[in-house]
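Read-outs throughout are calculated quantities, based only on the coordinates presented, and are distinct from any laboratory measurement. Worth saying up front: this structure is predicted, and the values here are computed from it rather than measured. All Cβ positions, glycine included, derive from the backbone under ideal geometry; neighbour counts span all protein chains shown.
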Amino acid sequence: MLRYFPFQQQFNDKMGTMPLLPADPLVEADEHYVSELALKRRLLTELPDYYFQALPGYHTAQWEVLALVLESLVQNYPEHFCLTQTVDHWHWQNHLLNEEAVFTFGDAATLPLEPLDWVGRQVQEDLLLLAGDAPNLVAGQLCFGNGWSLNEKLGLSFWQLHGPVTSVVQPMMQAAQKLMERLPAGRPVCRLNWSIKITDQPDLTSRHTAALNQQLAHLLPELNPDNIGQHLFVRIERQTLTRLPHSGAVLFGIHTYQNRLAHEIIDPERALRIRQVLSTTPPAMLDYKGIIPFLEPLLAYLQLSERKLSEKSIH
Ligand code: HEM
């Protein structure tokens with residue numbers, strides 16, 4: 001089952017940010033760590049300029065991200081990761097991947113890659129950096145993007161990044177814009193985003209969109225309330241926003257979790273909650289999320305599951 005289930009009584013038209021408490025990990029390592037890291041590294045080897053991009057001049061911010069991420073891993077998973085710092089000499093050990101690295105903090109020549117690119121290969125999260133007043137997307141490693149890519153978005157302001165959704169959820173995006181401008185250092189936040197997909201392929205960056213649309217066209221005629229739970233996947237993004245104290249840039253981390261829909265519908269309450277959210281989501285948002293083509297059998301499946309699971313719990 002997914003560790004996050006952001007479905008309540010209705011569609012949440014607020015930005016849904018919560019404080020990230022000191023005990024909450026900035027980055028999370030789960031049972032998919034090894035396989036997702038292998039996939040990330042393969043993608044980055046095959047198409048390095050597609051999955052990692054950085055505008056020149058944000059080195060302080062990139063090193064700040066590296067430090068935050070490694071320290072978070074060590075603090076939350078000391079059995080898997082170890083960091084020894086002697087002045088600026090850092091010794092990193094990753095027991096899950098069985099590898100280690102030695103470098104001088106702040107000295108680019110001692111790392112084989114840009115700091116953000118290097119540290120992105122230690123975590124399941126996609127890591128994006130925003131800087132300036134707008135703020136603009138200035139660097140990122142994005143392997144598991146949901147329908148977007150760095151090619152389309154690098155350099156854009158927060159408002160421009162959200163071009164397809166600003167009119168759909170305008171008050172939410174205005175509040176988010178203010179948050180991006182005013183987020184204080186030392187007060188990180190997190191939020192959950194959801195979508196429903198016909199695949200659990202982690203990399204849904206936009207180079208895959210045409211193939212996915214084709215896959216959907218083939219699948220659609222087969223979908224019905226009895227089989228749709230096996231064909232669809234719930235995709236949850238745990239997103240964190242952290243102001244970096246020295247550079248003033250903002251780190252945006254995205255951890256993507258997914259599971260087969262049928263495996264999430266384990267009691268009537270969960271079926272009801274997803275159905276309530278879908279039934280109250282504005283049509284333009286359902287359209288944006290690509291759910292409209294299979295909405296009808298999906299709602300019927302959820303209603304059916306609710307009834308069946310309620311009957312089962314009574315008997
Ligand atoms: C509180 C902060 C944020 C809020 C409330 C927010 C909200 C949203 C919403 C509602 C969507 C539509 C996706 C969906 O609901 O399935 C979206 C998409 C997106 N967000 Fe954000 N977002 C936030 C932060 C960020 C940041 C920091 C970035 C920086 C990279 C970002 C980049 C994107 C992109 C690229 C998309 C896809 C747009 C497209 O389809 O072209 N978001 N966001």
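Odds and ends about this structure:
- Kyte-Doolittle mean at least -0.5, axial Cα span of 27 Å or more - DSSP H helices of the chain: 295-314
- Close amide-amide hydrogen proximity is noted between Thr281 and Phe11, each under 5 Å apart and 5 or more residues distant or on a separate chain (H modeled in the peptide plane; Pro and chain starts excluded).
- The chain: calculated mean residue ellipticity at 222 nm from DSSP helix runs of at least 4, using -39500 (n - 2.57): -11000 deg cm²/dmol
- A simple rule links phi to the HN-Hα coupling: the Karplus curve 6.51 cos²θ - 1.76 cosθ + 1.60 with θ = phi - 60°, which for the stretch 260-266 gives 4, 4, 4, 7, 8, 8, 9 Hz, with x for Gly and Pro.
- Each residue in Ile265, Ile291 was given a count of other beta-carbon atoms within 10 angstrom of its own, and listing them fewest first yields Ile291, Ile265.
- The charge dipole of the stretch 109-253, taken about its Cα centre with unit charges on the Cβ atoms of Lys, Arg (+1), Asp and Glu (-1) only, comes to about 440 debye.
- Taking the number of Cβ atoms within 10 Å of each Cβ as an exposure proxy, the fewest-first ranking of Asp200, Asp126, Asp226 is Asp226, Asp200, Asp126.
- Burial ordering of Tyr77, Tyr301, fewest other beta-carbon atoms within 10 Å first: Tyr77, Tyr301
- Global form of the stretch 185-315, assessed from the alpha-carbon gyration tensor, a/c cut-off 1.5: oblate
- Springs between Cα atoms under 10 Å define the GNM used for the chain, and in it the highest mean-square fluctuation of Leu251, Leu156, Leu142 occurs at Leu156.
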